[in-house]
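*Asks:* Quick one: the structure is below, and I'll ask about it shortly.
Please treat every number below as a calculation from the coordinates, not as lab data. Small disclaimer: the values here were computed from a predicted structure and weren't measured. Cβ coordinates were reconstructed from backbone atoms using ideal geometry, including for glycine residues, and neighbour counts include every protein chain displayed.
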Amino acid sequence: MSQPARLRAKISALSTYVPPRVLNNHDLEKMVETSDEWILTRTGIRERHIAEKGVATSDLATEAAKKALAQRGWSPTEVEVIVVGTVTPDMLFPSTACLVENKLGAHGAWGFDLSAACSAFVYALQAGAQFVVSGAHKKVLVIGADVMSSILDYTDRTTCILFGDGAGAVLLEPAEEGEEGIIDFLHEVDGSGGCSLYMPAGGSLHPATRETVDQRMHFVHQEGQAVFKYAVRQMADLCERVLERNGLKGSDIDVFIPHQANKRIISATADRLSLKPESVIINIDRYGNTTAATIPLAMQTAREEGKLKKGSLVLLASVGAGFTSGVTLLRWAF
Ligand code: UT7
């Protein structure tokens, strides 16, 4: 007896949202000892979007999700699962997914948050895809959203210049017969890198106290060079392994969508993989590092530039705090 065809998941809608307020490098020059020239040459960032006080991750996530649902013509009540990748949930609990369910009116859906820092979008994408592949669900909403400005120390020039706020949402559903959708993925964590990029307080180890606030422990702390070295090696390594096991070369990739942490990390990866220069999507100049939102924001840029089309062979890649890392190979479906 022949086996039933394996279910595949595909992305069938994409939408993004960034808060309107822009903070550019010249604004930062007035806040810390830095320069537009330093930020631009070391990172590739010119400006980033920053949420107003009182605007939380669930607000950005909901805006992105609403537009994605409208694009596909799904009513919020049709959504079965909501997965939100974030390191800046509105609060520790309830989860951002619960808040988004309520704000969207996605009654009937269940959901959860996924914490994987800059790899959160690729991890959430895969978590959502597994529900489709297993046959458990047919309509999944995956969101990457962060309000990084809520955990940045705007007196620390080594971190505050890097990040911005934003959200991106995709819809997942079963691929039609003959469609490839999500083809392969490879995820890794290396927990020994945890101390290189973290927010020390606010969890069970260091609950909020006057001391944790005085010691600025509720902000992002990063050893930039350690993360940089790991990211340069790991992003290319994972990509190479996924390409190789699928019988592909870098030049076969139509659209390379990397996490946007530093333009130099992206360029080093692109060089090592011999990617076609026009396939490499970079928008860090406009958004900075939006953590869980960089990959959907870069997908949107690729759409706007006319590069991401039905049938494009796409490689997503991320490395971030944890260390977490992930690569996804997919065929764009719309
Ligand atoms: O998405 C999460 C994962 N994160 C990443 O992938 C980030 C990876 N790391 C990086 O992108 C880079 O390491 C940074 C952009 C964070 C820093 O660039 P770098 O080339 O590694 O600089 P550095 O840390 O080696 O610092 C070089 C110099 C230092 O001064 P001295 O010691 O040479 O006098 C810093 O104090 O630059 C100084 N510096 C700055 N100067 C002006 C650090 N930050 C600034 C600044 N403006 N904002």
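*Asks:* Just to confirm my numbers, what's the Cα centroid distance between region 308-334 and region 118-150 in Å?
*Replies:* 13 Å
*Asks:* Restricting to region 182-331, what percent of DSSP beta bridges are antiparallel, rounded to 5?
*Replies:* Roughly 75 percent of the DSSP beta bridges within region 182-331 come out antiparallel.
*Asks:* Antiparallel as a % of all DSSP beta bridges within the chain, to the nearest 5?
*Replies:* 70 percent
*Asks:* Nearest 20 debye, what's the magnitude of the dipole of region 9-174 about its Cα centre given +1 on Lys and Arg Cβ and -1 on Asp and Glu Cβ?
*Replies:* On the way: 14 positive and 19 negative charges, 113 e Å.
My answer is approximately 540 debye.
*Asks:* With Rg and the Kirkwood Rh both taken from Cα atoms, where does Rg over Rh land for region 182-331?
*Replies:* 1.04
*Asks:* If you don't mind, another one. Which percent of the Cα-Cα distances in the chain go past 27 Å?
*Replies:* Every Cα pair in the chain considered, those over 27 Å come to 41 percent.
*Asks:* When averaged across all projection directions, what area in nm² does the alpha-carbon convex hull of region 1-145 cover?
*Replies:* Its Cα hull, projected and averaged over all orientations, spans 11.6 nm².
*Asks:* With θ set to phi - 60°, apply the Karplus curve 6.51 cos²θ - 1.76 cosθ + 1.60 along region 324-334 and write out the HN-Hα couplings as whole Hz, x wherever there is a Gly or Pro.
*Replies:* Computed from phi, the couplings for region 324-334 are 10, 8, x, 9, 10, 10, 8, 9, 5, 10, 8 Hz.
*Asks:* Next up: Could you work out which residue, out of 234, 215, 260, moves most in a Gaussian network model of the chain, that is, has the largest mean-square fluctuation with Cα springs under 10 Å?
*Replies:* Result: 215 has the largest fluctuation of those listed.
*Asks:* About the Cα centre of the chain, what is the dipole size in debye to 20, counting +1 per Lys and Arg Cβ and -1 per Asp and Glu Cβ, all else neutral?
*Replies:* Around 500 debye, computed over the chain.
*Asks:* What is the set of long-range amide H partners of residue 9 at a cut-off below 5 Å, with H atoms built 1.01 Å from backbone N?
*Replies:* Distant-sequence amide H within range of residue 9: 175, 182.
*Asks:* If you don't mind, there's one more thing I want to ask. I need to check one value: relative contact order of the chain, counting alpha carbon pairs closer than 8 Å and at least 6 residues apart, in percent.
*Replies:* 24 percent
*Asks:* Taking N as the number of residues in region 140-242, what is its alpha-carbon radius of gyration divided by 2.2 N^0.38 Å? Write out the running numbers ahead of the final one.
*Replies:* On the way: Rg = 18.3 Å, N = 103, 2.2 N^0.38 = 12.8 Å.
Dividing the Cα radius of gyration by 2.2 N^0.38 Å gives 1.43.
*Asks:* Counting DSSP beta bridges in region 9-174, what percent are antiparallel, to the nearest 5?
*Replies:* 65 percent
*Asks:* If packing is taken as the average count of other Cβ atoms within 10 Å, what order do 187-200, 68-81, 130-143, 292-305 fall into, highest mean first?
*Replies:* Descending mean neighbour count gives 292-305, 130-143, 68-81, 187-200.
*Asks:* Any idea which of 308, 161, 225 is furthest toward the positive side of the dipole for the chain, if Lys and Arg beta-carbons carry +1 and Asp and Glu beta-carbons -1?
*Replies:* Going by the Cα projections, it comes out as 308.
*Asks:* Return the single residue from 115, 12, 35 with maximal mean-square fluctuation; model: Gaussian network over the chain, springs between Cα atoms under 10 Å.
*Replies:* Of 115, 12, 35, the most mobile in the Gaussian network model is 35.
*Asks:* May I pose another question? At 7 Å along Cα-to-Cβ for each site, give me the label-to-label distance between residue 153 and residue 271 in nm.
*Replies:* 3.2 nm
*Asks:* In nanometres, what is the gap between the two model label sites at residue 136 and residue 309, each 7 Å from Cα along Cα-to-Cβ?
*Replies:* My value for the distance between the label points is 3.7 nm.
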